[in-house]
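Everything below concerns the one structure shown next.
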Amino acid sequence: MTSALRVLAILFLWLGVALPAHAAVTITFWSHELGNSFPHAFFTLRGVPDAGGAPVDVNYGFTAKSVTPAILMGTVAGKLDIATPKYIDGSDAQFSVVLTDDQYRDMLALVALWGGPGEAGRYRLNGHNCVHFVQEAARRAGLTDIERPGLMKKPRSFLKSIAQANAARVTIIDRPGRDYLPTLPPLKP
């Protein structure tokens, strides 16, 4: 091996070792059953974008701004719902998908759309609820066969059905948050 090739090989080896490795952002889909509140679906985003940047560890759901009998009558004001750690501990992680950076940006656009003014920020129990929100996130994550009209008010059943239909594309978790969260590695910038 010539000295130039040896230097080039050492340079490539050094570059491979010296460059920081980035972990992609993972979306995890969650359900929460009854208890002190009605059933709910939400998702978490966790990891570091492949392009680099600050670690991400957030969650988003969508719900009515006020839970009153008015939600049974029609459209009401909606809001993004950020779950507390205690709430997540009592919820069930159903499955996860590793996102590309484009898909991650698409999730942020979904959150901005549903959290903003206009029709996308309105809650309708029968047509624009938390399950519809995670359904759109699943679509943007590249999952298919996500139409489940009979399950749009049944978060756990909906998510389990989507996981089954996309079994080759998702990582099934099916664990309570209190058991699943401690298994996650720390996030590093």
Fill in the blank from the handout: Using a 1.4 Å probe on heavy atoms of the protein chains only, the accessible area for E119 in Å², nearest 10, reads 110
Completion exercise
Taking Cα atoms only, helix 3-18 is inclined relative to the longest principal axis of the chain by an angle, in degrees rounded to 10, of 30
Practice task
May I ask which of K79/K154; K154/K188; K65/K188; K86/K154; K79/K188 have a Cα-Cα span longer than 24 Å here?
Solution key: K154/K188; K65/K188; K79/K188
Fill in the blank from the handout: Mean accessible area per residue over the range 35-189 (1.4 angstrom probe, all protein chains present, square angstrom) is 51
Problem - Solvent-accessible area, 1.4 Å probe, carbon plus sulfur percent, for the chain - result: 61
Exercise for the section: For the chain, calculate the relative contact order in percent as a whole number, restricting contacts to Cα pairs under 8 Å that are 6 or more residues apart. Expected result: 25
Handout entry: Simple spin-label estimate for S157 and D179 in nanometres, 7 Å along Cα-Cβ
Key = 2.3
Handout entry: For the chain, size of Cβ-based charge dipole, Lys and Arg +1, Asp and Glu -1, in debye
Key = 200
Problem - S31, S157, reordered so the largest accessible area comes first (probe 1.4 Å) - result: S157, S31
Fill in the blank from the handout: Counting only protein heavy atoms and leaving out ligands, DNA and RNA, the solvent-accessible surface of L181 at a 1.4 Å probe, in Å² to the nearest 10, equals 60
Problem - Which label in [x] 21.3, 73; [y] 15.5, 45; [z] 20.0, 80 gives the computed Rg and Dmax of the Cα atoms in Å - result: [z]
Exercise for the section: Sticking with the crude label model, points 7 Å out along Cα→Cβ, report the distance from V67 to A120 in nm, one decimal please. Expected result: 2.6
Handout entry: Cα convex hull of the range 23-104 - mean projected area over all directions, nm²
Key = 6.5
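The values are calculated or read from the model by the stated rules, or taken from the named source; none is laboratory data. This is a predicted model, so every value here is computed, not measured. Note that each Cβ is placed from the backbone with ideal geometry, even for glycine, and that neighbours are counted across all protein chains shown. Heads up: the accessible areas ignore ligands, DNA and RNA and are worked out on the full protein's heavy atoms, side chains in. Shrake-Rupley method; radii C 1.70, N 1.55, O 1.52, S 1.80 Å.
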